[in-house]
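The values are calculated or read from the model by the stated rules, or taken from the named source; none is laboratory data. Since this is a predicted model, take the numbers as computed values, not measurements. A quick note on method: Cβ atoms are made from the backbone with ideal geometry, for glycine too, and the neighbour counts reach across all protein chains shown. To get the accessible areas, we keep the full protein, side chains included, count just its heavy atoms, and leave off ligands, DNA and RNA. Shrake-Rupley method; radii C 1.70, N 1.55, O 1.52, S 1.80 Å.
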Amino acid sequence: MSIRVVLVDDHPIVLQGLEHLFARQPDIEVAACCSTVQEGLAAARTRPDILLLDLRMPDGGGLSLLDTIAAEKIDTKTVVLTAAISDDEMSQALQKGAAGLVLKESSPDQLLECVRRVHAGERWLDPEAMSRVVGAAASAPAAPDTRAASLTAREREVIRMIAAGLRNRDIGERLSISENTVKVHLHNIYEKLGVEGRMELLLLAQELKIV
């Protein structure tokens, strides 16, 4: 079945461009194009697979829409697509449930990859956005926490490679281990830290000063 996507952006040219991009994909269907937060909320209530929204809208911010989606327990995954975003807005969007974040200057292929991976249950951050998150964490004061104590040196190494944007196959090649072994390490890391995916792992690893 196709991935049903709702687009929310107040710029007609952007909406049209996104609609044309997704229309060329055999596995993606544009369910609605919305130019206001209220239209976006109404469309979100139809429970599309992905809600792709801009944070800055004339009738209210995308962050408020994320709040409403969470409060109403609307079963849809959200991806933020924005031209500019502060570190604080980025942090808030992720905390409010955004599963993906893409900057408008990114390539169409990156946006498509984000939508497909979020639909598959992953979290996805634009590489530049991820670098900013890691950089901000590097200058933040350390927070005492005991959860990292159980991690092995190899598991910490895997986490640092994930923070650098490497995929499982690349990590395996760097460490001279199989991709399946990398998956085992990831499973153990998730269990020890109580996280469910790479994005959650990255945010916690920054908090624990692992990266």
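Overview of values
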item	result
Net length gained if the chain between GLU105 and ARG56 were fully extended (0.36 nm per residue, minus Cα distance)	16.1 nm
In nm, spacing of pseudo-spin labels at LYS192 and GLN38 (7 Å Cα→C-beta vector)	5.2
Note, ³J(HN,Hα) from phi for the stretch 155-160, Karplus 6.51, -1.76, 1.60, rounded to Hz, x at Gly and Pro	5, 5, 5, 4, 4, 5
At R0 = 22 Å, FRET efficiency that the Cβ-Cβ distance of SER178 and ARG117 yields, to 0.05	0.50
Sequence of THR152, THR82, THR68 when ordered by accessible area, the most exposed leading, probe 1.4 angstrom	THR152, THR68, THR82
Centroid-to-centroid separation of the stretch 56-124 and the stretch 160-211 [C-alpha atoms, Å]	22
Kirkwood estimate for the chain, i.e. one over the average of 1/r between Cα atoms, Å	18.1
Residues in the stretch 91-121 that a label on ALA83 would reach, taking backbone N under 18 Å of a point 7 Å out along Cα→Cβ	102-108
In sequence order, calculated HN-Hα J values of the stretch 107-119 (Karplus, 6.51, -1.76, 1.60; Hz; x Gly/Pro)	6, x, 4, 5, 5, 5, 4, 4, 4, 5, 6, 5, 4
Principal-axis tilt of helix 198-207 within the chain, Cα atoms, nearest 10 degrees	60
VAL14 versus ARG45: modelled label distance in nm, points set 7 Å from Cα along the beta carbon direction	2.4
Residue with peak Gaussian network fluctuation, the chain [Cα springs, cutoff 10 Å], from VAL37, VAL14, VAL102	VAL14
